[in-house]
1. Quick check on my filter: what residues within the range 46-69 are of a type in the set (D, E, K, R), touching an Asp or Glu at 6+ places or on another chain (Cβ under 9 Å) and in a helix (DSSP H, G or I)?
2. I need a count of the residues in the range 237-264 that are within 24 Å of SER169 (Cβ to Cβ) and either surrounded by fewer than 16 Cβ atoms within 10 Å (Cβ to Cβ) or out of contact with any strand residue (DSSP E or B) (no Cβ under 9 Å at 6 or more places or on another chain) (or both).
3. Determine, yes or no, whether MET78 is buried (at least 20 other Cβ atoms within 10 Å of the Cβ) and within 26 Å of the chain's Cα centre (by Cα).
4. Residues PHE226, PHE248: which one is among the aromatic types (Phe, Trp, Tyr) and not in a helix (DSSP H, G or I)?
5. For residues that are touching a residue at least 24 places away in the same chain (Cβ under 8 Å), assigned to a loop (DSSP other than H, G, I, E, B) and out of contact with any Ser or Thr (no Cβ under 8 Å at 6 or more places or on another chain), scanning just the range 70-96, find the one that is farthest from GLY367 (Cα to Cα).
6. Kindly provide the set of residues from the range 268-299 that are surrounded by fewer than 21 Cβ atoms within 10 Å (Cβ to Cβ) and at negative phi, ordered by number.
7. Kindly list, by first and then second residue, each pair from a residue in the range 300-322 that is on the phi > 0 side of the Ramachandran plot to a residue that is assigned to a loop (DSSP other than H, G, I, E, B), limited to pairs with Cβ atoms under 9 Å and residues at least 6 apart or on different chains.
8. Among the residues of the range 664-688 satisfying the criterion of being at pLDDT 85 or above, in contact with a strand residue (DSSP E or B) (Cβ under 7 Å, 6 or more places away or on another chain) and in a loop (DSSP other than H, G, I, E, B), which is surrounded by the fewest Cβ atoms within 10 Å (Cβ to Cβ)?
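The values are calculated or read from the model by the stated rules, or taken from the named source; none is laboratory data. Please read these numbers as outputs of a predicted model, since none were measured by experiment. With ideal geometry, Cβ positions are generated from the backbone for all residues, glycine too; neighbour counts draw on all protein chains shown.
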Amino acid sequence: MNREMASHIVGYPRMGPKRELKFALESFWDKKSTAEDLQKVAADLRASIWKQMSVAGIKYIPSNTFSYYDQVLDTTAMLGAVPERYGYTGGEIGHDIYFSMARGNATLPAMEMTKWFDTNYHFIVPELGPNTKFSYGSHKAVSEYKEAKALGIDTVPVLVGPVTYLLLSKPAKGVEKTFSTLSLLQNVLPVYKEVIAELKEAGASWIQFDEPMLVMDLNAHQLEAFTHAYTELESSFTGLNVLIETYFADVPAEAYKTITALNDISGFGFDLVRGTKTLDLIKSEFPANKYLFAGVVDGRNIWANDLAASVSTLESLEAVVGKDKLVVSTSCSLLHTAVDLVNETKLDDEIKSWLAFAAQKIVEVNGLAKALVGHMDEAYFSANAAAQDSRKSSPRVTNEEVQKAAAALKGSDHRRATNVSARLDAQQKKLNLPVLPTTTIGSFPQTIELRRVRREYKANKIFGEEYVKAIKEEISKVVKLQEELDIDVLVHGEPERNDMVEYFGEQLSGFAFSANGWVQSYGSRCVKPPIIYGDVSRPNPMTVFWSIVAQSMTARPMKGMLTGPVTILNWSFVRNDQPRYETCYQIALAIKKEVEDLEAAGIQVIQIDEAALREGLPLRKSEQDFYLDWAVHSFRITNCGVQDTTQIHTHMCYSNFNDIIKSIIDMDADVITIENSRSDEKLLSVFREGIKYGAGIGPGVYDIHSPRIPSMEEIADRVRKMLAVLESHILWVNPDCGLKTRKYTEVKPALTNMVAAAKLLRTELASGK
């Protein structure tokens, strides 16, 4: 058999196996190293990634997927679409302007950052208007292609496609909100033509255009833009192979028809892990003599691929597209998974055998490509089959008690028996809070000393007794401070917690933790998601001890602090052998036990944070109701059994509630605190309309993400604006998020001013002002 193996990787993580890029960036930003030092680390990482893929046998190796910050920001630089405030006057965009756009500088704010589709990665949102001037401002795509070529590796340069770029953009400040960024298509295409010409001249034979917007609900005008863009670029494609890559979901039938009808496109890439309906479209109709880049290896999770199942899928596709036109690929860029399992020395062998990080996924793609041309690695495939069997049959994965308890949930909607107004009356009689009660969201500053204590305890360098003493002292300090400030409902400050998900995951069964499973969130920030591999249960109380300790230090109400099931789910790598909602219900039952134990211990106010409720929202509207239904149900399960006198709070930290307000109301919490420090009255109106059912609401009165200390007058003015929209008896006064990342020198004056503002307004309300 002389058929050539055809394998492709959509994109690869940039941070490095030990977060080398993160540390190089932060050192450069702190002026501890030079631009040359940063560029050397970056070039070494790129070279090692290309060599790794080349050695593994990958045919279509991507370039230009590396980034110092974000690939959409790189595209903004490539197009010279720099907002006016950064003072760009033309020429090659350097680090100064690039990082100012990403992070702001001493005098200018950064550009907005938002989530990349439904992942936990964030991109820098382009700001465009009718007067935006486009010019070829960054030659990065070409220079990285040449860099790989100098190493003897021919790559496929990857560009964010023009239509996706424009649809992800927003109207710049001062531009009408109704301005269509898509109207600029004709203006950006000349720059794309220049880039394509340079890549062709440098020797590129393939170019990949990432157009993930094709998986969204698009109208006819938006779909027409794809036809227009790629027809307009046709003349530039002469002598080139062009791949249009999509990912994260099914491509709807109309979008599929639109792109597969394009003439000068050589191949199409589809996510066949999340896009099972696309699989049906391909099988019913695929254009003749075009390449299919079949994304069968999951780029968004850490589970080993079921190689036998993938071979079966690929063979069925071979029959449709032809043997020479099928390319094995990843479902999306591997940016969204961890880097290399080799660095995991603490995970036990059984769990490790079930996993594949980015480096292992390259090997999977290549193994599948070899199998298709008759060179199956028998030992590799049988080890994979054994791991798949072990995962299915391992007693660590299945807990019959948990399965039964979760199955018993069906058929009830788990609402509290009494409506929220009646509950708030009962709670007020018990808590006796003033009008405009003050509270904070949960965490207090984590000092270097506190982090040291936790680290040493984890490394067994200090004993439990010493650790408990240190944490108790920290809680005592936080409680005293809040009493001195005269805050009404207190928190213990969470000194024992490193992370709001990891802390709980470490105490729940069914979770595992990697040492180096870092994934880029934005810029240099990485997160290390827990791995949910089995049925979830709570062997022991998780927070009760510390809550009792804290409550014993004060006569004021002390909030119990928990992370909600949907947030734990959405910020983890989740098992893929059962529906996500089943795992979520299991976590909800574990949190329910904790809520009941806190209540039994005398904790009268319990906060269940659902920071990531909206993050799991599916991309397509047709799938959103089902998600919201089970997500909200999971939250209600956690607290459906508490007494009317126990007050349930939840906190959400994002601002786009308008489309999910009904679901937030349906959560049936007693008090909702939200991130609204930018004083968005429109959002408050949405809440007013929705919350006529009477729950308490605490829109953040100041922004904790900034070191700036707001004055008492500023906070009072903000609360007055809130009172113009919301009734005083439901309004709470609180910061917009936890205080973990701030310093005490910032927190004390800000909270002092917050409490003073609340007291001033109580006086104003009492005197009828």
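1. Of the residues in the range 46-69, the ones of a type in the set (D, E, K, R) are 46, 51, 59.
Those left that are additionally touching an Asp or Glu at 6+ places or on another chain (Cβ under 9 Å): 46, 59.
The one that is of a type in the set (D, E, K, R), touching an Asp or Glu at 6+ places or on another chain (Cβ under 9 Å) and in a helix (DSSP H, G or I): ARG46.
2. 4
3. Working: buried (at least 20 other Cβ atoms within 10 Å of the Cβ): yes; within 26 Å of the chain's Cα centre (by Cα): yes.
Spelling it out, MET78 is indeed buried (at least 20 other Cβ atoms within 10 Å of the Cβ) and within 26 Å of the chain's Cα centre (by Cα).
4. Values: PHE226 fails: not in a helix (DSSP H, G or I).
None of the others qualify; the one that does is PHE248.
5. TYR88
6. Just the residues of the range 268-299 that are surrounded by fewer than 21 Cβ atoms within 10 Å (Cβ to Cβ), to begin with: 276-277, 279-281, 283-290.
Once the filter is applied, which keeps residues that are surrounded by fewer than 21 Cβ atoms within 10 Å (Cβ to Cβ) and at negative phi, the range 268-299 yields THR276, LYS277, LEU279, ASP280, LEU281, LYS283, SER284, GLU285, PHE286, PRO287, ALA288, LYS290.
7. Filtered contacts from the range 300-322: GLY322/ALA288; GLY322/ASN289.
8. ASP670
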